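Below: the structure, in C-alpha cells.
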Amino acid sequence: MERILIMNLGSTSSKIAVYEDEKELFTQTLRHSQEEMAQFDDILDQYDFRNEKIMDALKEHNIDPASITVACSRGGNICPCPHGAIKIDQAMINFLTRPEDTAKHASLLGSMVAFELSKKYGCLACVYDAIGTDEKMPIARVSGVVEIPHFTVGHTLNTRAMAIKCAEEKLGKKFEECTFIVAHLGGGSSIRLYKDGVNIDSVNDDEGNFTPERGGGVPAKELINLCYSGKYTAKEAMKLIHGAGGLKAHLGTTDAITVEKMIEDGDEYAKIVYEAMAFNIGKDIAKLSAVVAGKVDRIILTGGIAYSKFITSYVQKMVEFIAPVEIMAGEYEMEALAAGALRVAEGKEELQDFQAIYDASVDRISIIPGVAPGTTPYAK
C-alpha cells in the first residue's frame, strides 16, 4: 500500500491531501491571508511558514510524516519538459531556487517540502505535470526577437486532467484521439491547444489575456519605456505584470465575487474591466483555433474563474462558433497528482530524471536559430 502526500501550493493557499492508494484520507486547503503573505519579500522566504503549516495539518489528521511513501508536488518553473512524473533531486531544487529566476511560482515550495521528506524518511519525491511542461511545436516557439522565443508555462496539470476527463466522459474517446482548447482561468491563466495527446501550442498569461492578478500581454514598446523610466525597480516592474496587475491594478481586488458585486451596484468602470478580461480570453481561444484550422472537438473553460457565469457566458458567446464549450469549473489537480504518483509508485509510469530532461531541453531549444539556452527563462 502506498501512502501519498499531495501538495499543490499557490500564491495564497496550500492545498494538501493524503491518499492510501486510490483512497483519499483527507484533503485540506490552507488559506493564507494577504497580511500573512505581505511579510515575505520573496517566494523562498515563505518556505518555513508553508512547511510548518503542512506539518501541522498532517499532525491534525494523525498522519505521521515517516509513514509517507510518496511525496508528490505540483512542479515549479523547471526547464521545458514532457508531461508526467519527474524525480525531485538536488539538481532540480538548485534550478528551482536559482537567483536569476525573478518570477518564481509558489508551487516550488511543495517540491522543497517533498525533497526534505525524501531525505529525512526515504520516501519517493516527484513532481507531476510540472508548470514547466512544454511540448510546444518548434514553429510555435519562434518570435521576432531571437533572444525571446515562446515557451509554454503554467497550468498543464489541470488543463491536461480536464481534457482527459472530457474525452473519456463527454466524448467517449481516448484523449489522444481528440483536439481540445483548454482555458485555465484563475489568479493566473493559460490557454492550451491539445492535439493527439500533445500540447502543441499555448498562450501564457504574460502574452495574452489579463487575470485577477496578472497584467497580460501589453504593448512592448510602452513596457520598455516604463521599465527605463526610473519609476520602478526591476522587481517592482515585474510585479506590475506578475502579482499586482489585472483586476488588482484596476479595481484593487483579485476577488471575482467582489468585482461582480461592484458591477451589480452600478460600477461602470468595474464592468468594462471585467468584460475586457473575458473579451481577451475569447480572443486567445480563437487565436489557438487557427493553428488547427478550427478543427476542435471541445473548448473547455476551467479553473476558479470558470465558476463565474458572467465570464463563461461572455466567452462562450464569442467562441462557440468554433466548437461546443464545456464549463468544467474548479480543478481536478489533486486527484490528477495522486493518480499520477500512484502509477509511478506501482511502476506503471516512468519516473523521469531531471538532469536528462534539462539536457534534452537544451538540445530542443538549440534548434531555434540564434537562441542559446542561456538566454531563455529556463537558463541554469
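The values are calculated or read from the model by the stated rules, or taken from the named source; none is laboratory data. Only a predicted model underlies this, so the values are computations on that prediction, with no experimental measurement involved. Here the Cβ positions follow ideal geometry from the backbone for every residue, glycine too, while neighbour counts run over all protein chains shown. Keep in mind that these areas ignore ligands, DNA and RNA; they rest on the heavy atoms of the full protein, side chains included. Shrake-Rupley method; radii C 1.70, N 1.55, O 1.52, S 1.80 Å.
Structure above, values below:
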| read-out | value |
| --- | --- |
| Entirely in the stretch 149-265, the helices (runs of 4 or more DSSP H) that have 2 or more residues that are under 23 Å from Cys81 (Cβ atoms) | 156-166 |
| Criterion (more than 18 Å from Gly187 (Cα to Cα) and open to solvent by less than 70 Å² (accessible area, probe 1.4 Å)) met by exactly one of Ala256, Ala220, Ala244 | Ala220 |
| Meets criteria (among the polar types (S, T, N, Q), in contact with a helix residue (DSSP H, G or I) (Cβ under 9 Å, 6 or more places away or on another chain) and within 21 Å of Ala345 (Cα to Cα)) for Ser118 | no |
| Top-ranked residue in the stretch 45-69 [being buried (at least 16 other Cβ atoms within 10 Å of the Cβ) and touching a Lys or Arg at 6+ places or on another chain (Cβ under 9 Å); ranked as farthest from Lys104 (Cα to Cα)] | Ile63 |
| Which listed residue is open to solvent by 20 Å² or more (accessible area, probe 1.4 Å) and of a type in the set (A, V, I, L, M), from Ala278, Ala293 | Ala293 |
| Qualifying residue in the stretch 71-80 (condition: at pLDDT 95 or above and of a type outside the set (Ser, Thr, Tyr)) | yes |
| Number of positions in the stretch 102-121 that are open to solvent by 20 Å² or more (accessible area, probe 1.4 Å) and either modelled with pLDDT under 95 or in a strand (DSSP E or B) (or both) | 4 |
| Any hit, the stretch 78-96, residues being open to solvent by less than 50 Å² (accessible area, probe 1.4 Å) and under 21 Å from Met1 (Cβ atoms) | yes |
| Test: residue in the stretch 31-43 that is open to solvent by less than 40 Å² (accessible area, probe 1.4 Å), within 27 Å of Gln352 (Cβ to Cβ) and out of contact with any Gly (no Cβ under 7 Å at 6 or more places or on another chain) | yes |
